[in-house]
Amino acid sequence: MRTDTTSTTVATTTVATTATAGIAAVRNLGILAHVDAGKTTVTERILYLTGTTHKRGEVHTGTTVTDFDPQERDRGITIFAAAVSCAWAGHRINLIDTPGHVDFADEVERCLRVLDGAVAVFDAVAGVEPQSESVWRQAERHGVPRIAFVNKLDRAGADLDAAVASIRERLHPHPLAVHLPIGAEDAFSGVVDLIHHRALTWDDDGTLAEGPVPAHLSDQAAARRHALDEAVAELDPQALEEYCTHGALSPATLTAALRRLTRTGEAVVVLGGSAYRNRGVEPLLDAAVAYLPSPLDTPPVRAADQDGQRGADPEQPLTALAFKVTAAPTGRLTYLRLYAGTLRKGDTVLDAATGRTERIARILRVMADRHTETDHALAGDIVAVIGPKTARVGATLCDPDHPILLEAPVSAEPVVTVAVEARRAADTDKLAAALARLAEEDPSLRLATDPETGQRTLSGLGELHLEVAVEKVRRDTGVEAVVGRPQVALREALVEGVSGFVYRHAKQDGGAGQFAHLVLDVAPAADGFTFASTVTGGRVPREYVQAVEAGCRDALTEGPLGGHPVTGIAVTLTDGATHPKDSSELAFRTAARLGLREALRAARLHLLEPLAEVTVTVPEDALGGVLGDLAARRATVQGTTATGRGGHGGHGGHGGHDGTARVSALVPLAELFGYAGRLRSRTQGRGAFTTRPAGYAPAPTPAG
C-alpha cells in the first residue's frame, strides 16, 4: 500500500515537473513597429523558418498568413492583431503580429496586456519613427521586455549604427548591438555575431552559413565586442566580477547577463538583418528564446482589487483574460491568455465581472484565420475558445469555485465621430446589429444615437479606423452604409471659474422630498477633474460629500458651449446644509449635477480640439507645396530635416528618390480629413505621412 502511494506521489510530481518545464519553454511575444517597418514580413519569415508554413508569404502580393483579412491585403497594412504559434529550438512561440498604424493603437494595447515579451522592428534607414516610439512606450507601461531588430539593412541609406543611436536618443539609454553588418545596402550579405565571434551569411535562397569573421572586419568586430563587454559589465554586477578578473566576458557570461538586463528592462539587445531577403531571422529567433521571458519568469497576475494573485502554475485555479473577440465562420471566437490553471474542453467557467457561467465547447490553437483543435490548455498558453456567448474583451474567465477578477485593458477615448445610416431603410436593423457586433469586437469603437437628430453615430480613433469599420460591415453583411463627414471630439476647458457659487435643491412631490444646499468653488486645473471638500463641523456628512463628487462628474459629461465633455476643472465643496428628513445621497448628487452646470454657465470656458503630431516624408522638390498646404491646415511646423536617399517602399523599400525631406508638425485633427489624397496629388504619389495623438489645444473662435 505504501509503495502505491509513493508511486502515485512520484507520478504526480513528475507530471507537475513536466508541465512546469513545458511552461518554461513557452514564449508569448508580440511584433511591434511603425507602419511599413516590415514586421509582417518578419512574422512571415519566422513562420517559414520554423516549418509552420511551406511558402514565404509577401505583403505586396497579399499572400501573408497574418494579414488574412481582405482589407489588410487590399491596403497592404496590418489592421487586426493576428495570433500564430510555431516551434523553434524546443520552444513553443505564441506570436502576435500587431498593427503599426496609429488608428489601431488600441489593438496593440490589448495585446500587450497579455504578452510576456516583444520584438520591436525598426527601419534601418528611418530609425525610430513616431509610431514605433508610441508602441515602445505602450510596452514600457505594461512592463513588457523587448529586443530590437533593425530591418531592411539592404536598403539604400541603411545604417545600423544610426538606428541604434536613434534608439538611444529617443527610446532607451542602453541599446546593446550584438551584430555588425557584413556588406552595406545591396551588398548586405550577413552579420558578425559579436557574442560568439563568428560570421553568419545568407545566400540568395536564404540558406544560412556559419564561418570565421571576414579579415577586413576582424579588428572592428574585436573592438565592438570589447565595447559590448564593457557596457554590459557596467550594468550587470555579476558580469562585472568576471570582467574585472579577466578583462573580458565569456560568451556564456555575456548571454546570461544580456538575459538578465533584457528581463529587467535595463538594456535592449539590438540585432540586424533584412527579413525580405531572408537574412537575420534565425539569430532573431535564437535571441527571442534566449533573452525574452517565459510565463514562469513573469510576476504573478494580481486581482483588480489587489486581493489575491495567481502564478503560472497549471495546478492553481483557472485564471484567464479575454483580450480579443471575433465572429468567425466556425462561431464566436474568444481569445484567452491563461495565467494559471488548466482549461479543458467541456469545462464550465465563470465570467467574474458578470457572474455568468459559460461552457467551453472547443479549444483552438490559432494560426491567424486557421485553427487546430486541442483538448486542453495550460497556464502560459494563448488560445482561442468557442462556447462563451457573452464574454467581452477584458472579461476574466476563472474557476467558478475560486473566483478572481483581473484588471481589464483600458480602451482609448474616441476622437472622431461619423453619422452612419443604411442606404436602404429595409437594412436599418441589419446595419444596427452589424455595428453592435463590431463594437463588441473592438471596444475602441463607440456607438450612440444623437438625441436631437436621431442619427446613429460611430466614434473611433481616426478616419482610417472608421473607414475600415464601415467597410467591414459592408463586406460581411452586404449592407451599403451612408457615412457623414467626420467630426472631431471637442472638449470644453475652464478658463475662469467662480467662487462661492450657491445652489439650493428642494423638491417636494408628496411624501419624502429632496433637499440639498451646496456652496461650490470652481477653478481651472491643469487637466482632467479634481474634487475636494473643505466642509467642517459635519455640515455635509461624508456619504453626501461622495454623492456631490459623483454629481459633479455627471455634470462634466456635457458642457455649456456645445454639450462636449468638460476638462481642466477643480471643484471644491466649501459649505452646505442638510434637512433632517429630506436630505439623501440622491438629493446631493442631483444638486451637484444641476448646480455645477449652472456654475459653468456663469464661468468662462473655451473649446479644445484634438491635435495630431504629423510626420510627412516627401521629395525635396515637393517640399514647398507641402509646407504651404500644412500652413493652410493651421499646422505648427516643428522641424524639417533631410533624410538623404531612399523612400517609403512597401515590402523592402527598394528604390526611392534622392533628396528626401521629413517634416514634423502639430496639426488640428479636423484639418487632416482627406489629407492622404491631397498629399498624393501634391507629390505625384511619392509622399507619405504618419500621425499620432498629441493632446488638445484651444480651437479658434468662430467669426462673428
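The values are calculated or read from the model by the stated rules, or taken from the named source; none is laboratory data. In this text the structure is predicted, and so the values were computed from the model without any measurement. Neighbour counts are summed over all protein chains in view; Cβ atoms, including those assigned to glycine, are modelled from backbone coordinates with ideal geometry. Note: areas computed on protein heavy atoms with side chains; ligands, DNA, RNA excluded. Shrake-Rupley method; radii C 1.70, N 1.55, O 1.52, S 1.80 Å.
Within the accessible area of the range 111-225, what % is carbon and sulfur when the probe is 1.4 Å and the other protein chains stay in place?
49 percent
Between Leu32 and residues 5 or more places away or on another chain, which pairs have amide H atoms under 5 Å apart, with H built 1.01 Å from N, and which residues are they?
Those lying under 5 Å, H to H, from Leu32 are Val119, Ala120, Val121.
Taking 0.36 nm per intervening residue step and subtracting the Cα-Cα distance, what contour gain separates Thr354 from Asp219 on full extension?
42.2 nm
So if we plug the beta-carbon distance of Arg344 and Lys389 into 1/(1 + (r/R0)^6) with R0 = 22 Å, what FRET efficiency do we get, rounded to 0.05? Working shown, then result.
Numbers: r = 19 Å, r/R0 = 0.87.
E between Arg344 and Lys389, to the nearest 0.05, is 0.70.
In the range 256-319, what percent of the accessible surface is made up of carbon and sulfur (1.4 Å probe, ligands and nucleic acids excluded)?
Carbon and sulfur atoms account for 45 percent of the accessible area of the range 256-319.
Roughly how many Å² is the accessible area per residue of the chain, as a whole number, for a 1.4 Å probe?
Ligands and nucleic acids excluded, the result is 43 Å² per residue.
In the chain, which whole DSSP H runs stretch at least 30 Å along their own axis (Cα) and average -1.0 or higher on the Kyte-Doolittle scale?
Details: long enough: 2-24 (33 Å, 0.22).
Helices passing the filter in the chain: 2-24.
If the label point is 7 Å along Cα→Cβ of Glu496, which residues in the range 602-633 have backbone nitrogen under 19 Å from it?
602-608
How much of the DSSP beta bridge set in the chain is antiparallel, as a percent to the nearest 5?
80 percent
Going by amide H atoms built from the backbone, whose H comes under 5 Å of the H on Gly280, apart from near neighbours?
Ser274
When only C-alpha pairs under 8 Å and at least 6 residues apart count, what is the relative contact order of the chain, in percent?
10 percent
Using label points projected 7 Å from each Cα along Cα→Cβ, tell me how many nm separate Ala184 and Thr264, to one decimal.
About 3.7 nm separates the two model spin labels.
Nearest 500 deg cm²/dmol is fine: what mean residue ellipticity at 222 nm does the chain get from its DSSP H runs of n ≥ 4 alone, each adding -39,500 (n - 2.57), divided by its residue count?
Using -39500 (n - 2.57) per qualifying helix, the result is -9000 deg cm²/dmol.
Using only the Cα atoms of the range 240-332, build the gyration tensor, take square roots of its eigenvalues as a ≥ b ≥ c, and label the shape rounded, prolate or oblate: rounded if a/c is under 1.5, else prolate if a/b is larger than b/c, else oblate.
Details: a/c = 3.34, a/b = 1.45, b/c = 2.31.
Oblate is the answer for the range 240-332, as a/c is 1.5 or above yet b/c matches or exceeds a/b.
Could you work out the relative contact order of the range 429-552, using alpha carbon pairs under 8 angstrom and six or more residues apart, expressed as a whole percent?
Relative contact order of the range 429-552: 14 percent.
Can you compute the label reach from Ala89? Point 7 Å from Cα along the Cβ direction, backbone N cut-off under 11 Å, restricted to the range 276-309.
282-292, by backbone N distance to the label point.
I'd like to compare 215-226, 581-592: which one has the highest average count of other Cβ atoms within 10 Å, and what's the full order after that?
Averaged packing, sorted descending, gives the order 581-592, 215-226.
Can you tell me how the range 398-508 classifies by the Cα gyration tensor, rounded, prolate or oblate, using a/c under 1.5 as the rounded cut?
Because a/c hits 1.5 or more and a/b fails to exceed b/c, the range 398-508 counts as oblate.
Using the per-residue mean of other Cβ atoms lying within 10 Å as a proxy for protection, in what order, highest first, do the peptides 418-429, 280-291 fall?
Highest mean packing first, the order is 280-291, 418-429.
Can you give me the % of accessible surface on the range 410-544 that is carbon or sulfur? Probe 1.4 Å, all protein chains present, nothing else counted. Intermediate values should be presented prior to the final figure.
Values: 3390 of 7140 Å².
Roughly 48 percent of what the probe reaches on the range 410-544 is carbon or sulfur.
Give the distance, in whole Å, between the Cα centre of the range 116-183 and the Cα centre of the range 493-540.
Computed from Cα coordinates, the inter-centre distance equals 51 Å.
At a threshold of 8 angstrom on Cα-Cα distance, excluding pairs fewer than six apart, so keeping six or more, what relative contact order does the range 223-277 reach in percent? If you can, show how the numbers build up before the last one.
Details: 35 pairs, mean separation 14.3, N = 55.
Taking the mean separation of contacting Cα pairs over the length of the range 223-277, I get 26 percent.
Once you sort the root eigenvalues of the Cα gyration tensor of the range 560-619 as a ≥ b ≥ c, which label holds: rounded (a/c under 1.5), prolate (a/b larger than b/c) or oblate (the other case)?
Verdict is prolate for the range 560-619.
Based on the Cβ-Cβ distance of Arg678 and Arg634, what FRET efficiency does E = 1/(1 + (r/R0)^6) give at R0 = 22 Å, to the nearest 0.05?
The calculated FRET efficiency here is 0.90.
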